[in-house]
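Undergrad: Dropping the structure in here first, questions after.
Derivation of every value follows stated rules applied to the coordinates shown; laboratory data play no part. Remember, predicted model here, so these are calculated numbers, not experimental data. Because the Cβ atoms are built from the backbone with ideal geometry, glycine has one as well, and the counts that use them run over all protein chains shown.
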Amino acid sequence: MTNDIAVSSDLRDRAVSRLKKRRDFHTHAVVFVLVNSFVVVIWAVTGHGFFWPVFPIVFWGIGLFMNAWDVYFADEITEDDIAREVERLERKEHHPST
């Protein structure tokens, strides 16, 4: 019974974390669209020269893509991942490179 509560709590924590990441991504996407729309409007009002808004759109778009990848496609961190990292840090602590 106690193990079920711990597992349920762990699953709940993971679900909450994923939901927060998803909500943050959606906020990021809305801000991306609004700000870049405003930048395009500024470009249009100031005379249709070289389409300079492409630079913030592309570079911010790369960040948005990476955020989406983290939210929807990246693997979750497992206990094995944590154990390997702890072992690596312990080795590094015992054998610091100078």
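Undergrad: How about the range 1-86: which GluC sites (Glu not before Pro) there lie in a loop by DSSP and see at most 16 other Cβ atoms within 10 Å?
TA: Working: sites: 76, 79, 85; in loops: 76.
Passing both the DSSP loop test and the Cβ count: 76.
Undergrad: Using the Karplus equation 6.51 cos²θ - 1.76 cosθ + 1.60 (θ = phi - 60°), what ³J(HN,Hα) coupling, rounded to whole Hz, does each residue of the range 65-80 give in order, writing x for Gly and Pro?
TA: Per residue, the Karplus-derived 3J(HN,Hα) values read 4, 5, 4, 4, 4, 4, 6, 9, 10, 6, 6, 6, 6, 9, 5, 5 Hz.
Undergrad: Can you put 48, 26 in order of Cβ neighbours within 10 angstrom, beginning with the fewest?
TA: 48, 26
Undergrad: Okay, moving on. Looking at the chain, which longest stretch skips every one of the chymotrypsin sites (Phe, Trp or Tyr not before Pro) that is in a DSSP loop with at most 14 other Cβ atoms within 10 Å, leaving the sites themselves out?
TA: In the chain, the maximal stretch lacking such sites is 1-49.
Undergrad: Using the reciprocal of the averaged 1/r over all distinct C-alpha pairs, how large is the Kirkwood radius of the chain in Å? Don't skip to the answer; put the middle values down first.
TA: Numbers: mean 1/r = 0.0566 Å⁻¹.
Computed over the chain, the radius equals 17.7 Å.
Undergrad: With an 8 Å cut-off on Cα pairs and a minimum separation of 6 or more residues, tell me the relative contact order of the range 2-94 in percent.
TA: 31 percent
Undergrad: Still on this model: Per residue of the range 20-33, what does 6.51 cos²θ - 1.76 cosθ + 1.60 with θ = phi - 60° give for ³J(HN,Hα)? Whole Hz please, x for Gly and Pro, Karplus curve as stated.
TA: Each residue's phi maps through the Karplus curve to give 5, 4, 5, 5, 4, 5, 4, 4, 4, 5, 5, 5, 4, 5 Hz.
Undergrad: For a Förster distance of 22 Å, can you work out the FRET efficiency between the beta-carbons of residue 15 and residue 80, rounded to the nearest 0.05?
TA: 0.60
Undergrad: So, one more: Compare 14, 22, 88 in a GNM of the chain, Cα atoms joined below 10 Å, and give the one with the largest fluctuation.
TA: 88
Undergrad: On to the next question. Once you charge only the Cβ atoms, +1 for Lys and Arg and -1 for Asp and Glu, what is the size of the charge dipole of the chain about its Cα centre, to the nearest 20 debye?
TA: Here the size comes out at about 540 debye.
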